[in-house]
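One structure is given here, and the rest of the page talks about it.
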Amino acid sequence: MMQRTLHIDARYLGEIDLFGDKISVDSLSDDGTAVMSFDNFEQFNGLIFSFFLKTYFKSFIYKCLSNEPVGLNGQEQLMIYGEICSEMDCAECVRIISRITAEKSEINLSGIFHFRFCDICDEIRELCALKTDEYILRNEYLDFIRVLRFFASVNYGSVELLNVVMRGEENAEVLDRDFNIYSSQSTLSCTNEMAYIDDYFEYDNVISALVEASPKTILLHNWRQFADSELIETLINIFDERIKYCGGCSLCTD
């Protein structure tokens, strides 16, 4: 049975049970000194890192997010925290911890976090800013999709069917039911929001034509080649069940 003494911030003493039943806590004082016994060094180091993720790193990430100019709600902060944890180099963090636990019988967790993990904390700070920007852009995208869904419902059914032929990840042709290039004759007024379509999508001409026409059915051709296309995802988000998939015709290629 091996033993190490951990010095933990008093604010995290209530989280000591995060070590679970794999480690025996022989003694615990009010100042954050915990004497722990364990059988497996690899397991011990992994549990220390897990403790770091759920205490020191979590507090640091939430502090970084609270310093961002645009406020995030609790759910968004929790999601970003989870994403950052999944993107961290866990193996490298455990290696840093293992070198310390192998050399020292007394381990100061605050010292490890503030001095040994300082480079990782710098990366996390940058990630927090990046993830915040991504969430802002995603929310703007979803808000705009909701606007387009509204416009697509206002003039619903003015056209029975339109064909959309995928020509690339962000390229498609809109054809009428006779397979001629579709020319919009809609009188639908979509206010100023429609003018901003090209700020959001590279394929704004396709979106504009379909939203203004608001067909009952959109038949998607050549879609298998571009199943992961952002254009197809956007069409599904706007038109939902109105999207139908061609099973194969002269407009589709293998």
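The values are calculated or read from the model by the stated rules, or taken from the named source; none is laboratory data. A quick note: this is a predicted structure, and the numbers were derived from the prediction, not measured. As a convention, Cβ positions derive from the backbone with ideal geometry for all residues, glycine included, and neighbour counts pool all protein chains shown. The protein model used for the area step is the full one, side chains on, heavy atoms only, and it has no ligands, DNA or RNA in it. Shrake-Rupley method; radii C 1.70, N 1.55, O 1.52, S 1.80 Å.
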Order by accessible surface, 1.4 Å probe, largest leading, for residues Met88, Met1, Met166 comes to Met1, Met88, Met166
Can you sort Met79, Met2 by solvent-accessible area, 1.4 Å probe, largest first?
Met79, Met2
Between the DSSP loop rule and a limit of at most 13 other Cβ atoms within 10 Å, which trypsin sites (Lys or Arg not before Pro) in the range 53-122 are left?
Lys104
Counting DSSP beta bridges with both partners in the chain, what percentage is antiparallel, nearest 5?
60
Counting Lys and Arg as +1 and Asp and Glu as -1 over every other residue whose Cβ sits under 14 Å from the Cβ of Ile23, the net charge comes to -4
Proximal charge balance of Asp39 [Cβ under 15 Å; K/R count +1, D/E count -1]:
-1
Keeping all protein chains in position, work out how much accessible area Phe151 exposes to a 1.4 Å probe, and write it in Å² to the nearest 10.
10
Radius of gyration and Dmax for the range 1-113's Cα atoms, expressed in Å?
15.1, 50
For the chain, divide the Cα radius of gyration by the Kirkwood radius and give the resulting Rg/Rh value with two decimals.
1.22
What ranking, highest mean first, results for peptides 7-13, 243-249 when packing means the other Cβ atoms within 10 Å averaged over each residue?
7-13, 243-249
Computed accessible area, Arg167, all protein chains, 1.4 angstrom probe, square angstrom:
120
What percent does the relative contact order of the chain come to when contacts are Cα pairs within less than 8 Å and at least six residues apart?
16
Per-residue [θ]222 nm for the chain (sum of -39500 (n - 2.57) over DSSP H runs n ≥ 4, rounded to 500):
-14500 deg cm²/dmol
